[in-house]
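Below: one structure, written as structure tokens.
The values are calculated or read from the model by the stated rules, or taken from the named source; none is laboratory data. Everything numeric here is computed off the predicted structure, so don't read it as measured data. Using ideal geometry, Cβ is built from the backbone for each residue, glycine included, and neighbour counts are taken over all protein chains shown. Side chains included, ligands, DNA and RNA excluded: accessible areas come from the protein's heavy atoms. Shrake-Rupley method; radii C 1.70, N 1.55, O 1.52, S 1.80 Å.
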Amino acid sequence: MAVKYTIPRGTFDILPDKSYTWNYIKKIFIQTVTEFGYKEIVTPIFEQADLFERNVGDTSDIVQKEMYKFKDNKQRTFALRPEGTAPVVRSYVENNMQANGGLQRLYYIGPMFRYDRPQKGRYRQFYQYGVEAIGSNHPYVDAEVIAIQYTFLKRLGLKGIVLELNSLGNKASTDRYNKALVDYYEPQKHELCGDCITRLEKNPRRLLDCKVPACNAISEKAPLMIDYLDEECREHFEAVQSYLKAMDIEYSINPRIVRGLDYYTYTAFEFLNNELGAQNAIGGGGRYNGLVEQVGGKDSPGVGFAAGLERLILSLEQEGLFMGDEYKPDVYAVILGDQSLLKGAEIMQKLRAKGVIVEFDPLKLSMKAQMKNANKVNAKYALIIGENEIETNQFILKNLTDSTQVSLTESDLINNFID
RNA sequence: GUGGCUGUAGCUCAGCUGGCAGAGUACUUGAUUGUGGCUCAAGAUGUCGCGGGUUCAAGUCCCGUCAGCCACCCCA
């Protein structure tokens, strides 16, 4: 077989034998966020590239190196969305959701795109689910957003995922801290690895979790963000923690958390599964108090998280957890001969109108092949429709679990079908 | 973007220092005329990822390329 067209690198098809798992996970997620009062928002998968770049206010790799950018027929520059928050904020501003007053609680699920080398748990088109709560700076909301992800993971039965928490502080704190980091590393610059020397110029915070032993040793004594928070930031961070405790959510503080996008302020958090290999972040998020204004709205605080479906599924597989059931047919129609199929089609349609799942395969001709198939697709019953049955109006319904069978008239069959 | 490993039947994989393309499983049919699962028997199945090179001869060696995996980087 010559395969003429192949799937683009780093993407994947979700085939029928997996799609029920996706639907199951989505169902539990929607159930969870609904309990917290969140409503779905759907935005396009492409946006003006500048929404993400914000005139290159964002220096992250996600935006600088990994965006799928393209020009349309009128030479306007768009980008496939690499993340979900900026589009939601754009929609919030554009639709003037601020005018509704109060807190907007939103959730989304959909594909994101990043041009990166594929590996386990990393794809070019991948699926994220997430929530955004825009309009309140109250630390309870930070905790609520964390609680949603926490509740969802627990509900799926996951045990091996840990929550790490940090505070990045406000702009003033961050500036002071970055300066302190540079002051600390600069004199020892000659001992750092090549990557770390660029980090020192570009994003000093990333120095903290370099894995090269020499850098790591230096980082151990580096100043920590927590010590550079001002009074307000510290109070906010402590309040978030007390709400988490009140909701019985386990966490640990990791002062080295750095998020992948530049807009985060105050609370930052990550959910990690350390059994997954290099790509161990299931999801993360934090507060983005300056973003709404950057996108052109009236200054308005927000907090949210996003997480990856693929890594979630890897975690479920790894812990051997339930991932949903495939639909199984209630009835497999065993139809003998084309003449009988006329009646068969009529009966199948009437059963379906009653909500019964009915399957039939016109490729299987012999009765034996049809019975075999009924077994293979895990049907609960086989319904035999042949010339004899049609003539006598007595249709055979065979229970495939206990091998018992009964004869029923057409109307009894349709009106009294009990699963 | 960098480095390493891999690519053979629908699936999982074997195939030695180059010499007829294989197994298990799934599939089809039969044993059983209109009754599935178990068993037994028979049968069908390949651009050996793709392109080039070396050779009398390439799945096997060489080069390139594409894809997957693993790690770096980055992050979901």
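Per-structure values
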| item | result |
| --- | --- |
| Tally of residues being closer than 17 Å to A:Ile357 by Cβ, near RNA strand B (Cβ under 7 Å from one of its atoms) and surrounded by fewer than 18 Cβ atoms within 10 Å (Cβ to Cβ) across the stretch A:393-413 | 2 |
| Count - residues of the stretch A:232-268 that are of a type in the set (Gly, Ala, Ser) and away from RNA strand B (no atom under 16 Å from the Cβ) | 4 |
| Helices (runs of 4 or more DSSP H) lying entirely in the stretch A:325-392 (those with 3 or more residues that are at negative phi, away from RNA strand B (no atom under 11 Å from the Cβ) and surrounded by fewer than 16 Cβ atoms within 10 Å (Cβ to Cβ)) | A:338-353 |
| Some residue of the stretch A:60-75 being surrounded by 15 or more Cβ atoms within 10 Å (Cβ to Cβ), more than 14 Å from RNA strand B (Cβ to nearest atom) and over 29 Å from A:Ala278 (Cα atoms) | no |
| Every residue from the stretch A:241-280 that is in a loop (DSSP other than H, G, I, E, B) and basic (Lys, Arg) | A:Arg256, A:Arg259 |
| Matching residues in the stretch A:203-218 - criterion: being under 21 Å from A:Ser60 (Cα atoms), part of a helix (DSSP H, G or I) and open to solvent by 60 Å² or more (accessible area, probe 1.4 Å) | A:Arg206, A:Asp209 |
| Residues that are outside any loop (DSSP other than H, G, I, E, B) and either of a type in the set (S, T, N, Q) or modelled with pLDDT under 95 (or both), drawn from the stretch A:26-48 | A:Gln31, A:Thr32, A:Thr34, A:Gln48 |
| Single unsatisfied condition, A:Ala306 versus (1) part of a helix (DSSP H, G or I); (2) modelled with pLDDT of 95 or more | (1) |
| So A:Ala268, is it open to solvent by less than 30 Å² (accessible area, probe 1.4 Å) and under 26 Å from A:Leu314 (Cβ atoms) | yes |
| Residue list for the stretch A:269-279, restricted to those being near RNA strand B (Cβ under 10 Å from one of its atoms) and either within 30 Å of A:His138 (Cα to Cα) or among the hydroxyl-bearing types (Ser, Thr, Tyr) (or both) | A:Glu270, A:Phe271, A:Leu272, A:Asn273 |
| Any hit, the stretch A:5-16, residues being touching an Asp or Glu at 6+ places or on another chain (Cβ under 6 Å), in contact (Cβ under 8 Å) with a residue 40 or more places away in the chain and crowded, with 16+ Cβ neighbours inside 10 Å | no |
